[in-house]
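The values are calculated or read from the model by the stated rules, or taken from the named source; none is laboratory data. Everything numeric in this text was worked out from a predicted model, so none of it was measured. Neighbour counts run over all protein chains shown; Cβ positions are idealised from the backbone, glycine included. Areas reflect the complete protein model, heavy atoms only, side chains present, ligands, DNA and RNA absent. Shrake-Rupley method; radii C 1.70, N 1.55, O 1.52, S 1.80 Å.
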Amino acid sequence: MEKADSSRRASRHQPNPLPVLAILAKDVGEQASKEKEIFSPILKRWHPFAAGVAVATLHVCYGNELKQFVSSITELTPDAVQVLRAADKLEKDLVQIAVEDSVDSDDGGKAIIREMPPFEAEGAIANMVKDWIKMRIDRLKEWVDRNLQQEVWNPQANEGGFAPSAVEVLRIIDETLDAFFLLPIPMHPALLPDLMSGLDRCLQYYVSKAKSGCGSRNTYVPTMPALTRCTTATKLWKKKDKTLNTKRNPQVATMNSDNSSGVLQLCVRINTFHRIRTELEVLEKRIITLLRNSESAHVEDFSNGLGKKFEISPAACIEGIQQLSEAVGYRIVFHDLSPVLWDGLYIGEPSSSRIEPFLQELEKNLTIISNTVNERVRTRIIADIMKASFDGFLVVLLAGGPSRIFTQQDSQIIEDDFKSLKDVFWANGDGLPVDIINKSSTTVRDVLPLFRTDAESLIERFRRSTLETYGSSAKSRLPLPPTSGQWNPTEPNTLLRVLCYRNDDAASKFLKKTYNLPKKL
């Protein structure tokens, strides 16, 4: 006891008391052993559990010193961990002596143990590590905020076509994991899930912030215009109309715009999400290796994936790639190439305003994108551009406004143009697989036969479809079917739109009598 007291007095005058408390723990442990081996057998004559009483007293004395020390700790340091680990070992030794000494007591030593309030050294270490983890995660989140504000998403900024900020955030995560496993603590497996959860949230935040404001498929798909009847004025007027429409958007938007959500910038973001997802698999394998080398790890700690995998950021990367891939496709078709698609294709005379200008611009875009995006995501992006192109083609045919007018004979032109559009993506066998092209073109293939169907048959089919949809209420007056944009050869609105753009007397008389549709938007 005297030795413990002298060590305690010395600790008060030490300029750096941290190592001294660890030494004190060792001294107190040695003192407890002496009490058990030398003094207690003699003192048992006066007290049946002399050793238990002695170690309980030592426990309280050291506990008071430890409590003051813990309250003064502001950060995780090797010295602090050394003291707490020494305290934890001391407590286990003292409790063991007390239990052994009291084994023959009526309560099995419970009374003595109650006199020894736990040091909770492991809890103190765990709290310090959690504070360390929080500090690292907060810093990383601040770094993401700061660096993503400056990121230019330039494909030339990195050899791999992905953002430098992604390389850096992955490096910081790698360093954080190394630093965590270098901490001199006995509970790496127990606290790893806390770290992984924080890093996972930071990466999800990076992806969410990186795709913020970039739009999606719905950003670029135009609102379907109201139903109108095609204008049947002279061909000369139609050609003028075509010129006037084109002037509204005099040039195709360039892909190399400074816009942070331009097509090339979107492609870099997609590359970046793919890179992050790929690197996460590498990091997860490293974590298992680091865990195996940890002093406190057991087989069960790394035999399952719980707490050792990134749970939400891989899914965020997949969703980000999907969203931005669709945004690329629909931006190109409905925004960048709008002058040659919406303002050009089939305006006026279909035979003199065919799809070739659109295909030329589309091929230029496909070439640039193919040279920009990672080959692992290339097929997906090209497929989304194809889907957008097919959707755009149908919008022109079914919602193209009063300046578009088709005869039954124009159906061959339309079918030939659609074949040319598909051929761009097939690229003589070097492009997309045939099954992907066929699957994406199903709706167009189903709708195109309507353009070679005579007006009388279309009217009859429309009547029948409307009655099936609306029931007996449609017998007296056919209701105007709403526009869903979900084109289908048996859907009333699709059939009605084909009739609206049909240059045919039967179609004109039916539409005039039934709906009195206007010829202007």
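Scan segment 125-147 for residues that are buried (at least 19 other Cβ atoms within 10 Å of the Cβ) and farther than 30 Å from Asp79 by Cβ and the total you get is 1. Just one of (1) outside any loop (DSSP other than H, G, I, E, B); (2) in contact (Cβ under 8 Å) with a residue 24 or more places away in the chain; (3) within 25 Å of Lys439 (Cβ to Cβ) fails for Pro339. It is (3).
Can you report the number of residues in segment 375-394 which are farther than 26 Å from Trp487 by Cα and in contact with a helix residue (DSSP H, G or I) (Cβ under 8 Å, 6 or more places away or on another chain)? Write out each step before concluding.
Residues of segment 375-394 that are farther than 26 Å from Trp487 by Cα, as a first pass: 375-378.
Those still in the list that are in contact with a helix residue (DSSP H, G or I) (Cβ under 8 Å, 6 or more places away or on another chain) too: 376-378.
Residues in segment 375-394 being farther than 26 Å from Trp487 by Cα and in contact with a helix residue (DSSP H, G or I) (Cβ under 8 Å, 6 or more places away or on another chain): 3 in total.
Of all the criteria given as (1) closer than 26 Å to Lys130 by Cα; (2) surrounded by fewer than 22 Cβ atoms within 10 Å (Cβ to Cβ); (3) over 21 Å from the mean Cα position of the chain (by Cα), the one not satisfied by Leu192 is (2). For segment 135-164, residues that are under 20 Å from the mean Cα position of the chain (by Cα) and free of Cβ contacts under 8 Å to residues at least 40 places away in the same chain total 7.
Pull up segment 303-330, narrow it to residues that are aliphatic (A, V, I, L, M) and touching a residue at least 24 places away in the same chain (Cβ under 8 Å), then point me to the one that is surrounded by the fewest Cβ atoms within 10 Å (Cβ to Cβ). Talk me through it step by step, then tell me what you get.
Going through segment 303-330, the residues aliphatic (A, V, I, L, M) turn out to be 306, 312, 315-316, 318, 321, 324, 327-328.
Those still in the list that are touching a residue at least 24 places away in the same chain (Cβ under 8 Å) too: 306, 312, 316, 318, 321, 324, 327-328.
On the way: Leu306: 11, Ile312: 13, Ala316: 23, Ile318: 14, Ile321: 23, Leu324: 28, Ala327: 26, Val328: 33.
So the residue we want is Leu306.
Pull up segment 498-521, narrow it to residues that are farther than 22 Å from Leu394 by Cβ and assigned to a helix (DSSP H, G or I), then point me to the one that is most open to solvent (accessible area, probe 1.4 Å). Once the filter is applied, the top-ranked residue is Lys513. Only one of the numbered conditions (1) surrounded by fewer than 18 Cβ atoms within 10 Å (Cβ to Cβ); (2) without any contact (Cβ under 8 Å) to a residue 24 or more places away in the chain is not met by Pro481, and that is (1).
Okay, residues lined up against (1) open to solvent by 10 Å² or more (accessible area, probe 1.4 Å); (2) of a type in the set (Ser, Thr, Tyr); (3) touching a helix residue (DSSP H, G or I) at 6+ places or on another chain (Cβ under 6 Å); (4) not assigned by the TED database to the domain that holds Glu491:
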residue: Ile332; (1), (2), (3), (4): no, no, yes, yes
residue: Pro350; (1), (2), (3), (4): no, no, yes, yes
residue: Glu356; (1), (2), (3), (4): yes, no, no, yes
residue: Thr367; (1), (2), (3), (4): yes, yes, no, yes
residue: Val373; (1), (2), (3), (4): no, no, yes, yes
residue: Val396; (1), (2), (3), (4): no, no, no, yes
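Looking only at residues that are under 21 Å from Val395 (Cβ atoms) and basic (Lys, Arg) in segment 445-472, which one is least open to solvent (accessible area, probe 1.4 Å)? Among those residues, the one meeting the criterion is Arg445.
Looking only at segment 214-225, count how many residues are open to solvent by 60 Å² or more (accessible area, probe 1.4 Å) and either within 15 Å of Gln322 (Cα to Cα) or of a type in the set (D, E, K, R) (or both). Walk me through how you get there before you give the answer.
Initial filter on segment 214-225 (open to solvent by 60 Å² or more (accessible area, probe 1.4 Å)): 217-219, 223.
From what is left, the residues that are either within 15 Å of Gln322 (Cα to Cα) or of a type in the set (D, E, K, R) (or both) are 217-219.
Counting residues in segment 214-225 that are open to solvent by 60 Å² or more (accessible area, probe 1.4 Å) and either within 15 Å of Gln322 (Cα to Cα) or of a type in the set (D, E, K, R) (or both) gives 3.
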